[in-house]
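Worksheet: one structure, shown below.
The values are calculated or read from the model by the stated rules, or taken from the named source; none is laboratory data. As the structure is a prediction and not an experimental result, all values here were calculated from the model. FYI the Cβ positions are ideal-geometry reconstructions off the backbone, even for glycines, and counts take in every protein chain you see. Areas reflect the complete protein model, heavy atoms only, side chains present, ligands, DNA and RNA absent. Shrake-Rupley method; radii C 1.70, N 1.55, O 1.52, S 1.80 Å.
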Amino acid sequence: MPTSDNPPFPSALRLFSAGVIIVLIVGAGLFFAPALVKPRWPWPVTPFSARFLGGFYTAEMAVMAALFFWNRWSPGRLVLVMAFIFTVIVSAVSLINLGYFNFGRKATWLWFLVYFGSVAVSGLFLWRARARPSAKGVTSSPAWRGYMLAEAVILGLYGFGMLLFPLMVSSTWPWPVDPFHAQVYSAIFLAGAGGTYLVWKSAPREELLVLALAQFLVGLLSILGLVITDAAVHRIDWTAAATLGWLALFGWIGISGAFKLYTAYRYFGSQSAA
């Protein structure tokens with residue numbers, strides 16, 4: 001992509017991305033090594049919540065790695081918008097629920113430092129580039145635009161439901177979810193809705209790849225985490241309507257990500273051939 005159309009960000013953002021990736025490695029440990037990370041987490045987490053959060057942080061780590069690798073307006077615009085939405089919501093929810101946190105742990109102070117810092121950094125770079133148009137992308141077909149808009153609306157409505165009516169919406173999850181965790185989870189869906197909305201009309205190739213990778217990993221690791229955790233604790237009713245609905249939701253997110261990856265691959269192939 002031409003530099004004039006997709007200028008680089010300052011090196012400071014790459015340094016910030018590297019720092020966030022290091023922190024996210026710890027969060028990903030909730031999925032890959034929960035016994036090691038859970039006792040050091042800023043608040044108590046159940047086995048299912050630990051793996052779910054760990055799966056999301058693994059996906060977020062991949063997204064931040066893309067920003068570190070490219071460090072340009074595309075996919076930086078997408079990554080920063082999604083990061084800003086996620087960190088603003090989680091920061092606000094954390095402040096409202098301070099009773100959940102153990103301030104005797106250094107991890108708690110690091111949590112607030114990282115989240116407040118992420119809000120400030122992502123917000124600052126987005127504000128500075130607010131007048132810049134999106135990078136040149138693939139013009140979507142009417143069917144694709146319709147699907148992407150519908151996806152953004154569904155994710156957004158579900159996210160707002162989790163945020164505003166946490167008890168009601170989280171009651172449809174396979175494991176018990178308290179209001180605090182439901183509101184934290186809402187940020188995942190709202191960030192996904194924001195990212196999808198950004199590319200629903202035209203998708204710069206890097207942004208489509210990053211969004212696709214994020215959705216694919218969130219869907220795959222959420223379901224995989226549920227299976228692995230239940231194999232140890234045996235708490236999930238796999239025939240319950242709530243479980244089947246949850247599996248359908250995250251299966252759809254993962255498949256949607258895989259389809260976007262395929263679409264991006266076709267685009268790359270056509271560009272290479274040209």
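The label point for Arg40 and the one for Ala107, both projected 7 Å from the Cα toward the Cβ, are 0.8 nm apart.
Straight-line reach from Lys106: taking Cα to Cα under 26 Å and skipping same-chain neighbours fewer than 8 places apart, the lysines in range are Lys38. A convex hull fitted to the Cα coordinates of the range 162-219 yields 83 cubic angstrom per residue.
Listed values for the range 13-28 are Karplus-derived 3J(HN,Hα) couplings in whole Hz (6.51 cos²θ - 1.76 cosθ + 1.60, θ = phi - 60°), namely 5, 5, 5, 4, 4, 4, x, 5, 4, 4, 5, 5, 4, 5, x, 4, and x replaces Gly and Pro. At full extension, Ala231 and Trp252 could sit 5.3 nm farther apart than now, given 0.36 nm per residue minus the alpha carbon distance.
Using the Cβ-Cβ distance between Ser202 and Leu164 with R0 = 25 Å, the FRET efficiency computed as 1/(1 + (r/R0)^6) comes to roughly 0.20. The distance between label points at Leu126 and Asn97 comes to 2.2 nm (points 7 Å beyond Cα on the Cα→Cβ vector).
Quick one: accessible area per residue over the chain, 1.4 Å probe, rounded to a whole number of Å²? Before the final figure, lay out each step's value.
Working: 12820 Å² over 274 residues.
It amounts to 47 Å² per residue over the chain.
The H on the amide N of Arg72, modeled in the peptide plane, is under 5 Å from the matching H of Phe9, each at least 5 residues off or on a different chain. Select from Ala264, Ala212, Ala92 the residue whose mean-square fluctuation is largest in a Gaussian network model of the chain (Cα-Cα springs shorter than 10 Å). With Cα springs under 10 Å in the chain, the top fluctuation among Ala264, Ala212, Ala92 is at Ala92. Here the accessible area of the range 85-153 is 70 percent carbon and sulfur, with a 1.4 angstrom probe and all protein chains present. Restricting the calculation to Cα atoms, the range 141-252 shows an Rg/Rh of 1.01 when the hydrodynamic-style radius is the Kirkwood one. Each residue of the range 239-245 was assigned a 3J(HN,Hα) from its phi angle through the Karplus curve 6.51 cos²θ - 1.76 cosθ + 1.60 (θ = phi - 60°); the sequence is 9, 5, 4, 4, 5, 5, x Hz, with glycine and proline shown as x. First measure r as the distance between the Cβ atoms of Ser11 and Thr239, then evaluate 1/(1 + (r/R0)^6) with R0 = 30 Å and state the FRET efficiency to the nearest 0.05. According to the calculation, E is roughly 0.05.
Taking 0.36 nm per residue of separation and subtracting the Cα-Cα distance, what length does fully extending Phe180 through Ile22 add? It would help to have the intermediate numbers written out before the result.
On the way: separation 158, 0.36 × 158 = 56.88 nm, distance 2.53 nm.
Extra length from Phe180 to Ile22 when fully extended: 54.4 nm.
Hey, what angle do you get for helix 47-70 against the long axis of the chain, alpha-carbon based, 0 to 90 degrees rounded to 10? For 47-70 against the chain, the angle is about 20 degrees.
Using r as the Cβ-Cβ distance of Leu149 and Tyr265, and R0 as 22 Å, what FRET efficiency do you calculate, to the nearest 0.05? So the FRET efficiency works out to roughly 0.45. Considering only Tyr158, Tyr115, Tyr100, the Gaussian network model of the chain with Cα springs below 10 Å gives its largest mean-square fluctuation to Tyr100.
For the listed peptides 105-113, 193-201, a ranking on the average number of other beta carbons within 10 Å per residue, highest first, reads 193-201, 105-113.
Rg and Dmax over the alpha-carbon atoms of the range 16-142 stand at 16.2, 54 Å.
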